[in-house]
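Heads up: the structure comes next, in structure tokens.
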Amino acid sequence: MNGRSALVVGGGLAGITAALDCARHGAAVTLLESRGRLGGAAYSFTREGIHVDNGQHVFLRCCTAYRGLLEELDATDSVTLQPRLEIAILAPGGRRARLRRSALRAPFHLTGALARYPFLHVRQRIAVARAMQRLRRLDPDDPATDARSFGDWLRERRQDATAVEAVWDLIARPTLNIDPSAASLAQAAEVFQVGLLQDASAGDIGFARAPLSEIHDAAARRALANAGVDVRLRCGATTIAPVGSGFCVEISGLPTLRSECVVLAVPPDRAASLLPAAAGVRRGFVGRLGRSPIVNLHVIYDRRVLDVPFAAGVHTPVQWVFDRTASAGLSGGQYLVVSLSAADEELSLTADELRARYLPALAALLPAASEALVQKFFVTREHAATIRAAPGVRAARPSARTNLPGLVLAGSWTDTGWPASMEGAVRSGHAAARELLAAPRSAAWSRAPGPDGVAQLSEGRLAGGRA
């Protein structure tokens, strides 16, 4: 891409990745972000002096693209990654278990943990092990597999409600952000195969030790600046139109920009409103992708009540709970975040209703919480946190390529083969850059770009208006 100009619209993980890739290959890159920060859906903010992540975002050792981005951002010291998968499982009444992988090769690394798992009886453990073996042999790329529901497949494998809650839901719900019974079998198979069944270390869990915006905003801005990328915040694109051998991008209240290449790395609804008809992306894809919410409950106690960095719950409405005390900058008490995936019901509840439901549930899991004083309780909601990983949805996920050479798509909602996640977003950014690198260079602009590598059209609006 040496000498080309590229505009990246959207400053989430996909846009950051695409911008860095294009700049590395010699393009003059400008990144436009409508908000006053980078990071997209994985960010933090300050509330009453506390650093708050908008949600609890984790990654696995198998998330090689995201981990590679962390290295490029020089942010690996801001995260932690387990040396070996270990999950504390909590149940009401103080009952607890531990799922920990052994040093055996996959899939035998989980045999001991499953054999000792107290929330299933022997027959259920055997049935789960057999189902895991069957799941390991499925082809996630087969459209017929994607058309089936994971719930139907589990029922055919005699997985009862207890097994679903104590094993399958534990992994599938937070990674797919959908009730397992309604999930695509292909997407579930991909999660279990890549994360648990093919490589013993793949499922080791990592998470941020610093506020997310220190990584995805501050560190990203430094890396982009070092790469020569021109980052323009509070610059939201309103129209993208093919003109001559490139594209013109109109920005509300600012001069129009033109570029040989455009990476459109925004949420699907925004992408649908910006895509020119000639791009050939089927209309209505946003409705087919659907959306699934995540609700996070933030609870600050006056003392420590959880003795591990994170835990999962069974036989309780609490799905996963994380200790975020250190990253929040608190010196006393304990700050817990309860992460609720596929939270369609919780989305409609008020903060008081959520408090009434979940504080007693936490006390039932954590005996020390029943004696502790709740100093703060608040809720963050992501109404459209991810697309909905339902059967057949993958067919609606567009690829990076469009019918307009030089215009590509990026975002966790595109067809990366991965669930909508931080890893999927980064992979989509790489895919978008690869498409541009493989495309032949367009004819030179009749009017040369300005000194910053992006030409500005100061007159009038684009013909055709909003796409």
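Kindly indicate the residue of segment 204-253 that is assigned to a helix (DSSP H, G or I) and free of Cβ contacts under 8 Å to residues at least 12 places away in the same chain and also surrounded by the most Cβ atoms within 10 Å (Cβ to Cβ) among those meeting that condition.
Pass one, segment 204-253, residues assigned to a helix (DSSP H, G or I): 212-226.
With free of Cβ contacts under 8 Å to residues at least 12 places away in the same chain added as a condition, the list becomes 218, 225-226.
Details: 218: 18, 225: 11, 226: 12.
Going through the qualifying residues, I end up with 218.
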Restricted to segment 362-383, and to residues that are closer than 26 Å to residue 48 by Cα and small (Gly, Ala, Ser), which residue is surrounded by the most Cβ atoms within 10 Å (Cβ to Cβ)?
-> 369
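Rundown of residues vs (1) modelled with pLDDT of 95 or more; (2) over 30 Å from residue 161 (Cβ atoms); (3) outside the structural domain of residue 402 (by TED's automatic domain parsing), yes/no style:
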position: 275; (1), (2), (3): yes, yes, no
position: 303; (1), (2), (3): yes, yes, yes
position: 317; (1), (2), (3): yes, no, yes
position: 335; (1), (2), (3): yes, yes, yes
position: 343; (1), (2), (3): yes, no, yes
position: 366; (1), (2), (3): yes, no, yes
Hey, any hits in segment 356-374 for a residue that's more than 27 Å from the chain's Cα centre (by Cα) and in a strand (DSSP E or B)?
-> yes
From the list 429, 406, 411, 424, pick out the single residue that is at pLDDT 90 or above, buried (at least 17 other Cβ atoms within 10 Å of the Cβ), in the same structural domain as residue 263 (by TED's automatic domain parsing) and in contact with a Phe, Trp or Tyr (Cβ under 6 Å, 6 or more places away or on another chain).
-> 424
If you go through segment 155-167 one residue at a time, do you hit one that is modelled with pLDDT of 95 or more, within 21 Å of residue 199 (Cα to Cα) and crowded, with 21+ Cβ neighbours inside 10 Å?
-> yes
Hydrophobic (A, V, I, L, M, F, W, C), crowded, with 20+ Cβ neighbours inside 10 Å and in a strand (DSSP E or B), is that true of residue 7?
-> yes
Only one of (1) within 18 Å of residue 382 (Cβ to Cβ); (2) part of a strand (DSSP E or B) fails for residue 14. Which number is that?
-> (2)
Within segment 259-268, identify whether any single residue is buried (at least 19 other Cβ atoms within 10 Å of the Cβ), free of Cβ contacts under 8 Å to residues at least 24 places away in the same chain and outside any loop (DSSP other than H, G, I, E, B), and answer yes or no.
-> no
Within segment 268-301, residues charged (D, E, K, R) and farther than 27 Å from residue 317 by Cα come out as 269, 270, 282, 283, 288
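Given the options 135, 120, name the one that is crowded, with 16+ Cβ neighbours inside 10 Å and in a helix (DSSP H, G or I). Let's see the steps before the verdict.
On the way: 120 fails: in a helix (DSSP H, G or I).
So the residue among 135, 120 that is crowded, with 16+ Cβ neighbours inside 10 Å and in a helix (DSSP H, G or I) is 135.
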Failed item, numbered, when residue 22 is tested on (1) more than 20 Å from the chain's Cα centre (by Cα); (2) part of a helix (DSSP H, G or I); (3) farther than 16 Å from residue 228 by Cβ = (3)
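Rundown of residues vs (1) buried (at least 18 other Cβ atoms within 10 Å of the Cβ); (2) among the hydroxyl-bearing types (Ser, Thr, Tyr); (3) assigned by TED's automatic domain parsing to the domain that holds residue 331, yes/no style:
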{"residue": "11", "(1), (2), (3)": "yes, no, no"}
{"residue": "16", "(1), (2), (3)": "yes, no, no"}
{"residue": "19", "(1), (2), (3)": "yes, no, no"}
{"residue": "25", "(1), (2), (3)": "no, no, no"}
{"residue": "29", "(1), (2), (3)": "yes, no, no"}
{"residue": "39", "(1), (2), (3)": "yes, no, no"}
{"residue": "49", "(1), (2), (3)": "no, no, yes"}
{"residue": "54", "(1), (2), (3)": "yes, no, yes"}
Yes or no: residue 379 within 26 Å of residue 14 (Cα to Cα), in contact with an Asp or Glu (Cβ under 9 Å, 6 or more places away or on another chain) and either part of a strand (DSSP E or B) or modelled with pLDDT under 95 (or both)?
-> no
Could you tell me which residue of segment 126-163 is farthest from the chain's Cα centre (by Cα), considering only residues that are among the basic types (Lys, Arg) and over 21 Å from residue 110 (Cα atoms)?
-> 155
Could you say whether any residue in segment 449-457 is among the polar types (S, T, N, Q) and at pLDDT 70 or above?
-> no
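Quick one: is residue 307 assigned by TED's automatic domain parsing to the domain that holds residue 54 and free of Cβ contacts under 8 Å to residues at least 60 places away in the same chain?
On the way: assigned by TED's automatic domain parsing to the domain that holds residue 54: yes; free of Cβ contacts under 8 Å to residues at least 60 places away in the same chain: yes.
Yes; evaluated as a whole, the condition is true for this residue.
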Within segment 315-330, can one find any residue that is touching an Asp or Glu at 6+ places or on another chain (Cβ under 8 Å), closer than 16 Å to residue 91 by Cα and not hydrophobic (A, V, I, L, M, F, W, C)?
-> yes
Look at segment 325-355 and say how many of its residues are within 21 Å of residue 294 (Cα to Cα), in a loop (DSSP other than H, G, I, E, B) and hydroxyl-bearing (Ser, Thr, Tyr).
-> 2
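What are the residues in segment 181-200 that are surrounded by fewer than 23 Cβ atoms within 10 Å (Cβ to Cβ) and part of a helix (DSSP H, G or I), if any?
Step one: filter segment 181-200 for residues surrounded by fewer than 23 Cβ atoms within 10 Å (Cβ to Cβ), giving 181-182, 193-195, 197-200.
Of everything in segment 181-200, those that are surrounded by fewer than 23 Cβ atoms within 10 Å (Cβ to Cβ) and part of a helix (DSSP H, G or I) turn out to be 181, 182, 193, 194, 195, 197.
The values are calculated or read from the model by the stated rules, or taken from the named source; none is laboratory data. Bear in mind that the values here come from a model prediction, so they are computed numbers and not experimental data. Every residue, glycine as well, gets a Cβ built from its backbone with ideal geometry; the counts of neighbours run over all protein chains shown.
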